[in-house]
Amino acid sequence: MELTQQIKTQGARAVITDLYKDGESQWLYVLTKIGSGEQNWLDVAALLASGSDADSAESLATAAATAIPHNPAGVLSLLKGGALPFSTDNVCALPFYSIKEPEFNQYVVDAIQALYKVPNSKACIDTIVKTIGQSNGFVEDN
């Protein structure tokens, strides 16, 4: 993949800076692809992590969380390294800020169902459940 090569030659920080140019459209495209759960895009996410700052790290964690229902094993392998932003606490604590309640509820069901089918997913499932338990109901942030 071209982006992987770019990260290896230019470094993650430079590539993220480049992706953020022009209204962030390329960055948003990459996040959407990571969120699809395709393994090659999760691999790109892992490479980008080392160059992420607060804003890009947060959006990478959200993209990885979005990928859980599509590729739970792939996302869990990202978490194994424990490198920020890919920690269980970041990715499994429902890091969504602009999602409507029906989609949020469906995501929780889909994510937990997907995670139950793969080994070593207990910590992530527990984090999802704990996060729901600590919330004060659903608050839409618009």
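The values are calculated or read from the model by the stated rules, or taken from the named source; none is laboratory data. Note that this is a predicted model, so its numbers are computed, not measured. Cβ atoms come from the backbone with ideal geometry, glycine included; neighbour counts cover every protein chain shown. Side chains included, ligands, DNA and RNA excluded: accessible areas come from the protein's heavy atoms. Shrake-Rupley method; radii C 1.70, N 1.55, O 1.52, S 1.80 Å.
Overview of values
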{"quantity": "Residues located in the range 95-116, provided they are under 20 Å from Gln134 (Cβ atoms), in contact (Cβ under 8 Å) with a residue 40 or more places away in the chain and touching a helix residue (DSSP H, G or I) at 6+ places or on another chain (Cβ under 7 Å)", "calculated": "Ala111, Leu115"}
{"quantity": "Selection from the range 95-120 of residues that are outside any helix (DSSP H, G or I) and either of a type in the set (S, T, N, Q) or open to solvent by less than 20 Å² (accessible area, probe 1.4 Å) (or both)", "calculated": "Pro95, Ser98, Asn120"}
{"quantity": "Members of the range 38-75 found to be within 21 Å of Gly23 (Cβ to Cβ), among the small types (Gly, Ala, Ser), outside any helix (DSSP H, G or I) and open to solvent by 10 Å² or more (accessible area, probe 1.4 Å), listed by number", "calculated": "Ser52"}
{"quantity": "Residue that is nearest to Glu38 (Cα to Cα), among those in the range 60-112 that are more than 12 Å from the chain's Cα centre (by Cα) and among the aromatic types (Phe, Trp, Tyr)", "calculated": "Tyr107"}
{"quantity": "Candidate set from the range 1-27 (those that are among the charged types (D, E, K, R) and assigned to a helix (DSSP H, G or I)); member that is surrounded by the fewest Cβ atoms within 10 Å (Cβ to Cβ)", "calculated": "Glu2"}
{"quantity": "Among the candidates Asp53, Asp89, Asp110, residue that is acidic (Asp, Glu) and touching a Ser or Thr at 6+ places or on another chain (Cβ under 9 Å)", "calculated": "Asp89"}
{"quantity": "Contacts under 7 angstrom Cβ, first residue in the range 2-15 being within 13 Å of Ser50 (Cβ to Cβ), partner among the polar types (S, T, N, Q), 6 or more apart", "calculated": "Ala12/Ser50; Val15/Gln6"}
